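Read the structure below first, then the notes.
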Amino acid sequence: MRYASSSADRRRFLNALSIASLAAFAPRGAFAQQLMETVETTEGPFYPDKLPLDTDNDLLILNDAITPAVGEITHLTGRVFTSSGLPVRNAFIEIWQTDVDGSYVHTGGRQEKKPYDVNFQGYGRFLSDAKGQYYFRTIKPVEYTLNGAHRCPHIHVAVSQNGRRIFTSQFLIKGHPANVGDGLVKRLDPKALQTILVDFTPLHGSKLGELTANVDVVLGKTYNELQPMSKDSLKGTAKSTSQRGGRL
Ligand SMILES: [Fe+2]
């Protein structure tokens, strides 16, 4: 029997691969820098208009499929903090991004001449643990052009609590050449931009060329402004997000 809950997925992945070992690849000194509030961005138009059948934190495998998605395997980890640096547990974290050819899980976000990679989940969710940690297995994002707009590679990210969205942003690849001409990058203050630029580094010892990417999210809220999240409120979040359109 397959358990689809986020907690089951978390146990599975925490057992399979230690977040702590991956986080060890984060650059020294990153912690102090990351206590600066993470900049928020717009959600963009391509939040899934219909959620995939599988919504766990492994975007490479849909349900019990054997064939994985195409792309550079990336272990995306990090922690969620309050503005004063306290870890936030049970934060409902969502990510979504295009497949390797630049198509979203969105009917309006598909490349015309390339079929969507049916093995790529394109969207995932996770509840942060007691240390505020999250983990996704996904692909390294790629640049794309959709609706006439060219974008540098990015992974959309959102955090909710009690069924309410409290944070929305995008993770970008530090040093990627397409960042220079990107509309979002141009609009952001350079210091704020630093909070969402992420190093994608080779996973030590991986024969598959896997990558690690570690990025913390510092919310602009104190501990008292955040309420503990119950299982019931998670249901509410899932319902409300599936019913939402592509924009906030
Ligand atoms: Fe996007």
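What follows is calculated from the coordinates using simple rules that are stated; it is not laboratory data. Since the structure is predicted, the reported quantities are computational estimates derived from the model, not experimental observations. Glycine gets a Cβ as well: all are built from the backbone with ideal geometry, and neighbour counts include every protein chain shown.
Remarks
- With 0.36 nm allotted per residue and the present C-alpha distance subtracted, the N224-L197 stretch has 6.9 nm of extension available.
- Violating pairs (Cα-Cα greater than 26 angstrom) within the set K50/K221; K131/K207; K140/K186; K186/K207; K114/K186; K50/K174: K50/K221; K131/K207; K186/K207; K114/K186; K50/K174
- Low-density loop cleavage sites - GluC sites (Glu not before Pro) in region 60-144, where at most 11 other Cβ are within 10 Å (DSSP): E112
- Backbone HN-Hα couplings from phi across region 127-137 [Karplus 6.51/-1.76/1.60, Hz, Gly and Pro as x]: 9, 5, 8, 4, 9, x, 7, 10, 8, 10, 10
- Whether region 147-226 is rounded, prolate or oblate, judged on the alpha carbon gyration tensor where a/c under 1.5 counts as rounded: oblate
- Shape class for region 139-184, computed from the alpha carbon gyration tensor (a ≥ b ≥ c): prolate, with a/c not under 1.5 and a/b above b/c.
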